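Rule-based calculations on the coordinates, nothing more; no lab input. These figures come from a predicted structure and were not determined experimentally. Cβ: placed from backbone, ideal geometry, glycine included. Neighbour counts: every protein chain shown.
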Amino acid sequence: MTSSLSEGAARLRPLVDPRSIAVYGASADLTRLGGMPVALLTERGFKGAIYPINPKYTEIAGLPCYPDIASLPAPADLIVIAVAAPEVVGVMRQAAARGIRAAVVFAAGFAEANDSEGLALQAELVDVARELGMVVAGPNCMGFGNLDSHAYSTFTAIFRTVEPPASPRDTGLVTQSGSICSAIYAAGRQLGVRFNVVINTGNEACVEFSEYLEYLADRPGTETIVGYIEGLRDGARFERVATRMRDEGRLLTLLKAGETEKGALAAASHTAALAGSGAVYRAMFERLCVVSAHDILHAADVAYLGRFRERASGPRVAVLTISGAIGALLADAFTQAGIDLPELSVPVREALREGIPRFGMVHNPVDFTGNIVNRHQFAAQALETLFASGEVDFAVIYAPGFLIDRMSEGLAAVSKATGRLVAAISTGKVASREVLEAAGVPVFDDTTRAVRALASLAHWHENRRRYAGSPRATSPANLPAVAKEIVREARRDGELTIDEHRAKRLMAEFGVPVAEERVALTPATAVEAARAIGYPVVLKVLSADIVHKSEVGGVRLNLIDDGAVQTACASVLQRVTEREPQARVAGLLVQKQEAPGTELLVGVVRDPVFGLVMTLGLGGVWTEVFGDVVHAPLPVSAELASTLLRRLKAWPLLEGFRGAEQVNEGALVKAIASISEAACALAADLDELEINPLIARADGVVAVDALLRLSRGLEPTDVLPGLRETACGQPARVLP
């Protein structure tokens, strides 16, 4: 099995797939932290060597108990450390001296405590792990459950109270919370989810979440991975693993905490995690086809659907019920979840009428009425008609359990013959559940949970059609000579912020249309510039130190003659001197007064986890007022830009709502793609880029203001303050 592991994941084998396990601090009370691993290993039938260590006992659970690590008859692959935090490092040194190179640390009281003692203890653990060459899980870790080999290095009783799945086992579970790990495992097992490995990462002092994810993805037979995160450290590794799973058609679903400000604060205080921007995570998840779980049950439900993911699905559903009311409720729920119920064509409706009375609905939802009790075979016939029409992507059928059982043979046959997803929802027990599942038909007993999970799977299919096989990373374009010189000059002068004029010159090199403008050093040269451009003009202060020029009186609009320009020059310089006396002023910028249009913001920022991410929304002050923005990781093509724009609530304004001018969409998406290209070309030099506003009109687009901030060129540990480098070269979860 290990032959297929990547080099990075292979180092985790002793943690996840140990052949022998020592338990330091083992207890004869098998319900205690030190006793539970021994109980699970012996009761579930672990085939490897088990070494309890505790000088108080000579025997635990029928096994010889050793007084210390040095007395072990052989080095173990893994040691479970079940002692208090101050004792952990000493145990690690003893274990390394005996040849043990992997450890699971249960103890709390490290960085998650967010006090000087806890931070110091975790820093020491990281340093010692690096020194000893040990791979350490935790601390503050519930441990692991390997359901394939029954190698348990955990203190949770969930593996005693909930039966492990039979083979085949195809679903990995990895979480940054022990409680949520147990909850998802229990909920998943109720649905029959076939977990193979269950991992709780703890504080991730030495092994980050994405490394565990990589291990599970490398593990033969793993088709679905479900997890819980509060924040990621190794965004590049996460992206590589998620991309591979996406392109191979394997399902990854994650429950992410910290979506709101309150949630982010709670997450940080709970596990010392730095919760990233929820919007950026959602954008990345879409591009990588990671299903965003809404809660614990939704995560379990999507994991359950992982075994049915190869059934064809998509954004159009047919709903078939025995109740018009249930059909209406399901229609509302699917619509709210972004799934369409297309009205069926006349030929399809006529075909359905062959088995549905005139008082039953045939438009979609389809109401079989009670008549289906006497003609249960018609359900399969209706499904065949629907799928043959090509008007729907998948179907959901709602009926009592006894009726689903009568329909089961036909439902199974249609599922196998068409390859399309057919899901059954029943309010009663379905005796034929296993038969249906074996034929590719998932069975739910709750309408709300069914809709949420099935909608998520449908969106996953749609996103894979859009993104699978297209890597996010592209070869960056070479910086044009002018752009290269602008960056070189800024670096030479120690400037991080490039002024508006130079920023727009750089954008123009990539084909972004910019307003005509000239730099003036005096009122006289400002007048000359205005005459050359042609009135009316705009006058702005030119300073890399002043980002929001209008807030300090640094902008004057609609200047129509020489006198207005001269007066504006004096006024602007006086206001700026009064309000920003320390600002360096490079001169005045005279710009053509552009015709009005729809103002948009196009921005790119460097996310500390995922890199460059674009934001689109209404420009000017409206971005902050309405918060109508969408996000996407770079690169953003013209085609993707068109998709993103249509997600804005303001999209009707761009289309010409109520007689308003319709913008030139082709020019707009081309400009957005050009901004993306510029950001990608700047690559590591770029920290932030913003065009606000980008004015869109029927005759094209034009950028009238720009902000460009260069990166400081720091190491990852500087970008993520408070994080220490771990023994595996990744930042550890330590708060400042």
Legend entry - Within the chain: Cβ-based charge dipole about Cα centre, in debye rounded to nearest 20 (Lys, Arg +1; Asp, Glu -1): 1280
Legend entry - region 2-306 - Rg over Rh from alpha carbon coordinates, Kirkwood radius: 0.95
Inset, instruction - Run down the aspartates and glutamates and flag those whose C-alpha is under 19 Å from the C-alpha of Lys484, throwing out any fewer than 8 positions away in its chain. - result: Asp493, Glu495, Asp499, Glu500, Glu509, Glu677, Asp685, Asp687, Glu688, Glu690
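From the square roots a ≥ b ≥ c of the eigenvalues of the alpha-carbon gyration tensor of region 311-467, which class results: rounded (a/c under 1.5), prolate (a/b over b/c), or oblate?
Working: a/c = 1.36, a/b = 1.14, b/c = 1.19.
In terms of gyration-tensor shape, rounded.
Within the set Lys504/Lys540; Lys504/Lys592; Lys549/Lys649, which residue pairs have Cα atoms separated by over 21 Å? Walk me through the numbers on the way to the answer.
Working: Lys504/Lys540 14 Å; Lys504/Lys592 14 Å; Lys549/Lys649 28 Å.
From Lys504/Lys540; Lys504/Lys592; Lys549/Lys649, over 21 Å: Lys549/Lys649.
Multiply the residue separation of Arg465 and Tyr57 by 0.36 nm, subtract the distance between their alpha-carbon atoms, and state the gained length in nm to one decimal. If you can, show how the numbers build up before the last one.
Values: separation 408, 0.36 × 408 = 146.88 nm, distance 6.00 nm.
Going from the current span to full extension adds 140.9 nm.
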Legend entry - trypsin sites (Lys or Arg not before Pro) within region 47-107: DSSP coil, no more than 15 neighbouring Cβ in 10 Å: Lys47, Lys56
Inset, instruction - Please label the shape of region 557-600 as rounded, prolate or oblate, based on the square roots a ≥ b ≥ c of the eigenvalues of the alpha-carbon gyration tensor (a/c under 1.5 means rounded; beyond that, a/b larger than b/c means prolate, else oblate). - result: oblate
Inset, instruction - Quote the convex hull volume per residue of the chain, based on C-alpha atoms, as a whole number of Å³. - result: 175
Legend entry - Size descriptor, Kirkwood hydrodynamic radius, that averages inverse alpha-carbon separations across region 65-114, Å: 11.6
Legend entry - Computed FRET value (nearest 0.05) for Ser550 with Glu516, which takes r as the C-beta separation and R₀ as 30 Å: 0.90
Legend entry - Gyration tensor (Cα) of region 516-593, equivalent ellipsoid semi-axes in angstrom: 20, 11, 11
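Viscosity 1.002 mPa s, temperature 20 °C: Stokes-Einstein D of region 329-388 from its Kirkwood Cα radius, in µm² per second?
Details: Rh = 12.2 Å.
This corresponds to a translational diffusion coefficient of 176 µm²/s.
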Inset, instruction - Give me the aspartates and glutamates in straight-line cross-link reach of Lys429: C-alpha distance below 13 Å, same-chain residues under 8 apart excluded. - result: Asp405, Asp445, Asp446
Legend entry - Farthest toward positive dipole pole in region 311-467 [+1 Lys/Arg, -1 Asp/Glu at C-beta], among Ile356, Val441, Thr321: Val441
Inset, instruction - Go ahead and run the numbers for FRET between Ala157 and Glu131, Cβ-Cβ distance against an R0 of 35 Å, rounding to 0.05. - result: 0.50
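With a cut-off of 8 Å between alpha carbons and a minimum separation of six or more residues, what is the relative contact order of region 516-593 in percent?
Details: 149 pairs, mean separation 39.3, N = 78.
Computed value for region 516-593: 50 percent relative contact order.
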